[in-house]
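The values are calculated or read from the model by the stated rules, or taken from the named source; none is laboratory data. Just so it is clear, the model here is predicted, and its values are computed rather than measured. We place every Cβ from the backbone using ideal geometry, glycine too, and count neighbours over all the protein chains shown.
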Amino acid sequence: MVAWTWLVPALSLVLLVGALVAGVGVVFALLCAIGLVGSVIAGVHHAEVVAHRVGEPFGTLVLAVAVTVIEASLILSIMFTGGAEAAFLPRDTIYAAVMIICNGVVGVCVLVGGLTHHEQSFRVEGSSAGLAALIAMSALVLVLPDFTTSTPSGTYSTSQLVFTAIASAALWAVFVFVQTVRHRDYFLPIIDASNADAHATAPSNREAWASFGLLLVSLVAVVGLAKVLSPSIERVVVEAGAPKAVLGIVIAMIVLMPETWAAVRAGRANRLQTSMNLAIGSALACIGLTIPVVAATAVAFHLPLVMGLEPKDLVMLTLTFLVSAVTLGTGRTHMMQGAVHLVIFAAFLFLAFVP
């Protein structure tokens, strides 16, 4: 194993402990930011080692679940300390994650792949099933609260929240069963004889387990350093006069960096199927795993929770799913489709700052 792949996560953990003990100054914040980026790169490397050993789609599932579990922990930690203003954070983070994945990640992967390989292919059977589940989850979690009448607009009653959490978890569990057992072939990469990665020697069990452990260490370092840097980020957001929703976008971007890096690398290597598995799987896990945990915590500790989107965001979410249905509907992509997604992503970011 190359030295940097374990040295970077170890040093990042040291930085994390130091920041928790001594606090974060300007210089230390810069070091933490460098450690954060380094942990992302190391985490993606170890995720690819695990993926090569266990094969698709299990490899991408490992990264998606690991990142999402830690994302949920980060959201909960801020909910407990953020007071009433934190009631919007789960909504803002989940909405931002869906927009980043469906427009930013998919857009960059398709655009980079199109520029490099002109056209790319993926299996529409798996991607369309995942998109259908994502649309249903997003509607239940982010849209329907604006139209229920039992509680004020944008919120769910306790029973409605419990139902939504169970439904989201059930949809995610069914998707994972379909992805890994019943219809696993729908998510396997299309064979490409020119792809050297497909013919490389698989790592040993020992190397795979070591990479799995270091992957978890890297992800803990990523989210821990993000948590340490979050007060500084929030202060910058406030001083810039940006809306509070921008904090949710920043958190989602930081947490999704490992998956984004891995997906773009796969798209550039003409493995668009892996990119789609990562993107759609991550979006589904973001809702299917995060919402049950957030809902259970909100009910148990009587924390305020607002999930319904603003009208502007409802329009952007609808536009995203319409364009995604077109992109994922044929099984072939080129750079124009990537450009469309990136324009929507740019509009999402612009309107977050200028609502």
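The table for this structure:
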quantity: Residue match in region 332-342 (condition: at pLDDT 95 or above, within 30 Å of MET79 (Cα to Cα), in a helix (DSSP H, G or I) and of a type in the set (A, V, I, L, M, F, W, C)); calculated: no
quantity: Members of region 198-252 that are closer than 23 Å to LEU61 by Cα, without any contact (Cβ under 8 Å) to a residue 60 or more places away in the chain and in a helix (DSSP H, G or I); calculated: ALA198, HIS199, ARG206, TRP209, GLY213
quantity: Residue within region 135-157 that is modelled with pLDDT under 90 and in contact with a helix residue (DSSP H, G or I) (Cβ under 7 Å, 6 or more places away or on another chain) present; calculated: yes
quantity: PRO258 being in contact (Cβ under 8 Å) with a residue 24 or more places away in the chain and over 26 Å from PHE175 (Cβ atoms); calculated: no
quantity: Test: HIS183 is surrounded by fewer than 23 Cβ atoms within 10 Å (Cβ to Cβ), touching a residue at least 40 places away in the same chain (Cβ under 8 Å) and in contact with an Asp or Glu (Cβ under 9 Å, 6 or more places away or on another chain); calculated: yes
quantity: Flag if SER168 is closer than 22 Å to GLY308 by Cα, hydroxyl-bearing (Ser, Thr, Tyr) and part of a helix (DSSP H, G or I); calculated: yes
quantity: ASP146 under 18 Å from THR274 (Cβ atoms) and among the acidic types (Asp, Glu); calculated: no
quantity: Residue check, ILE166 closer than 27 Å to PHE350 by Cα and either crowded, with 21+ Cβ neighbours inside 10 Å or modelled with pLDDT of 95 or more (or both); calculated: no
quantity: Count of region 1-36 residues which are exposed (fewer than 12 other Cβ atoms within 10 Å of the Cβ) and in contact with a Phe, Trp or Tyr (Cβ under 9 Å, 6 or more places away or on another chain); calculated: 1
quantity: Number of positions in region 7-54 that are farther than 24 Å from SER232 by Cα and polar (S, T, N, Q); calculated: 0
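To keep it simple, each residue is scored yes or no on (1) farther than 18 Å from GLY104 by Cβ; (2) in a loop (DSSP other than H, G, I, E, B).
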{"residue": "ALA262", "(1), (2)": "no, no"}
{"residue": "ALA266", "(1), (2)": "no, no"}
{"residue": "THR274", "(1), (2)": "no, no"}
{"residue": "LEU278", "(1), (2)": "no, no"}
{"residue": "ILE291", "(1), (2)": "yes, no"}
{"residue": "VAL294", "(1), (2)": "yes, no"}
{"residue": "LEU303", "(1), (2)": "yes, yes"}
{"residue": "VAL306", "(1), (2)": "yes, yes"}
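Conditions tested, residue by residue: (1) hydroxyl-bearing (Ser, Thr, Tyr); (2) under 21 Å from ALA29 (Cβ atoms); (3) over 15 Å from the mean Cα position of the chain (by Cα); (4) surrounded by fewer than 24 Cβ atoms within 10 Å (Cβ to Cβ).
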position: ARG235; (1), (2), (3), (4): no, yes, yes, yes
position: MET253; (1), (2), (3), (4): no, yes, no, yes
position: VAL264; (1), (2), (3), (4): no, no, no, yes
position: LEU272; (1), (2), (3), (4): no, no, yes, no
position: SER275; (1), (2), (3), (4): yes, no, no, no
